[in-house]
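Student: One structure coming up, written as structure tokens, with questions to follow.
The values are calculated or read from the model by the stated rules, or taken from the named source; none is laboratory data. Quick caveat, the model's predicted, so the values are computed rather than measured. Cβ atoms come from the backbone with ideal geometry, glycine included; neighbour counts cover every protein chain shown. Side chains are part of the model used for accessible areas, which takes the heavy atoms of the whole protein and leaves out ligands, DNA and RNA. Shrake-Rupley method; radii C 1.70, N 1.55, O 1.52, S 1.80 Å.
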Amino acid sequence: MRFEGIFAALTTPFASDGSVALDRLGENIARYNRTHLRGYVVVGSTGESVLLGPEEIDRIWGTAREFAAPGKLLIAGAGVDSTNETIARARRAAELGYDAVLIKTPHYFKPLLTPAALERHYTAIADASPVPVLIYSIPQYTGIAITADLVARLAEHPNIVGIKESSGNVQLVSEIIHLSPPGFSVLTGSSGTLLYALLMGAAGGILALACFLPEAAVELYEAARAGDVARASRLQFTLLEASRKIAGELGPTGVKYAMDCVGYYGGNPRAPLLPLSDEQKRTVEAVLAESMARQKADQLGVAG
């Protein structure tokens, strides 16, 4: 199985009492099913994974599996600092019918997490996981930057099939693509550099932005894959501010409010994350309106 295309890094909706709103998650996924997204990552960074308990994660995974349409790939965010616990979560995701697991770098004991320690961690998980493993590098959150050399070594493992690289470092993405074997799926987590990654040979993206602008991200991907660099460039510019100011600066909280603005259920984040201020909401509204207007103008231009 090759992991390519645009995947939404799903948010986790919460009810007014702070509990997980599984019904809202199902509604969101049912609507995403009507888009051209390739699939979904469930309980990743945008899903506020570190703020969820194990039982909540299990219910979220089960609900997403129930509502995802046939043909949509499901990737479970299963990585925690413990190798053994990550293996247990990977096995549970496989039991629920997930297609792969996304494993972020462990990070708590930073000075001790050498390339050798990371290599052993990922190799042990890949050896034990019943489903394919995707590496997840997001140094802006973890403080651990995985190197292209290490990714290339791990890519030789038959059960490590790709990476979500979210640093936004275009040079690093190009080095990983260059050093990794054919068929290894390099997926960017940075919507602001999606086109550049695709032009260098990336297989697609796992994007928070795809939670509120899914078709815009898919259109960019399809234009790039079709060789229409001019249109892909216009679409990339369309997404730049939304990527930087909503998904980047405001994180899951901004993504959730943007979803509310376009008809999905976003809702509030879980503590200790704070809801947006009125000023931040106005920023999201303005950026989103501009992005959607640019996308519409591009569609009309193509149609004309």
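Student: From the C-alpha gyration tensor of the range 108-262, pull out the three semi-axes of the equivalent ellipsoid (sqrt of 5λ each), sorted largest to smallest, in whole Å.
Tutor: In descending order, the three semi-axes are 28, 19, 13 Å.
Student: With all protein chains present, how much of the accessible area of the range 72-151 (probe radius 1.4 Å) comes from carbon and sulfur, to the nearest whole percent?
Tutor: Here carbon and sulfur together make up 56 percent of the probe-accessible area.
Student: Calculate what fraction, in whole %, of the accessible area of the range 225-276 sits on carbon and sulfur atoms when a 1.4 Å probe is rolled over the protein chains.
Tutor: About 56 percent, which is the carbon plus sulfur part of the accessible surface.
Student: Ok, one more. Which percent, nearest 5, of DSSP beta bridges in the range 10-167 are antiparallel?
Tutor: 5 percent
Student: Ok, one more. Probe of 1.4 angstrom, ligands and nucleic acids ignored: what's the accessible area per residue over the range 134-276, in square angstrom? Before the final figure, lay out each step's value.
Tutor: On the way: 5250 Å² over 143 residues.
I get 37 Å² per residue for this part.
Student: Still on this structure, please answer the following. Calculate the length of the line joining the C-alpha centroid of the range 97-143 to that of the range 237-282, in whole Å.
Tutor: The two parts, judged by their Cα centres, are 28 Å apart.
Student: Between ARG225 and ASP278, what is the spin-label point distance in nm, taking each point 7 Å from the Cα along the Cα→C-beta axis?
Tutor: Modelled inter-label distance: 4.5 nm.
Student: Modelling each spin label as a point 7 Å along the Cα-to-Cβ direction, I'd like the VAL170/HIS157 distance in nm, to one decimal.
Tutor: So the two model labels end up 3.1 nm from each other.
Student: Each residue of the range 21-28 in turn: what ³J(HN,Hα) in whole Hz from Karplus with 6.51, -1.76, 1.60 and θ = phi - 60°, glycine and Pro shown as x?
Tutor: Calculated HN-Hα couplings, in order: 9, 5, 4, 5, 4, x, 5, 4 Hz.
Student: Stokes-Einstein at 25 °C, 0.890 mPa s, Kirkwood radius from Cα pairs: D for the chain in µm² s⁻¹? Walk me through the intermediate numbers first.
Tutor: Details: Rh = 19.2 Å.
Stokes-Einstein gives a translational diffusion coefficient of 128 µm²/s.
Student: Top mean-square fluctuation among THR253, THR147, THR12, Gaussian network model of the chain, C-alpha springs under 10 Å?
Tutor: Among THR253, THR147, THR12, the largest GNM mean-square fluctuation belongs to THR147.
Student: Right, next: In percent, what relative contact order does the range 165-304 have, based on Cα pairs under 8 Å that are 6 or more apart in sequence?
Tutor: Averaging sequence separation for qualifying contacts and normalising by length gives 18 percent for the range 165-304.
Student: So, in the chain, how many Lys pairs have Cα atoms under 18 Å apart, if the pair is 8 or more places apart or on different chains?
Tutor: Working: LYS72/LYS164; LYS104/LYS164; LYS245/LYS256; LYS245/LYS281; LYS256/LYS281.
Step by step, the pairs that qualify in the chain add up to 5.
Student: When DSSP assigns beta bridges and you keep just the ones with both residues in the chain, what percent turn out antiparallel, to the nearest 5?
Tutor: Details: 1 of 30 bridges.
Looking only at bridges with both residues in the chain, the antiparallel portion is about 5 percent.
Student: Could you sort LYS256, LYS245 by accessible area so the largest value comes first, with the probe set to 1.4 Å?
Tutor: Result, largest first: LYS245, LYS256.
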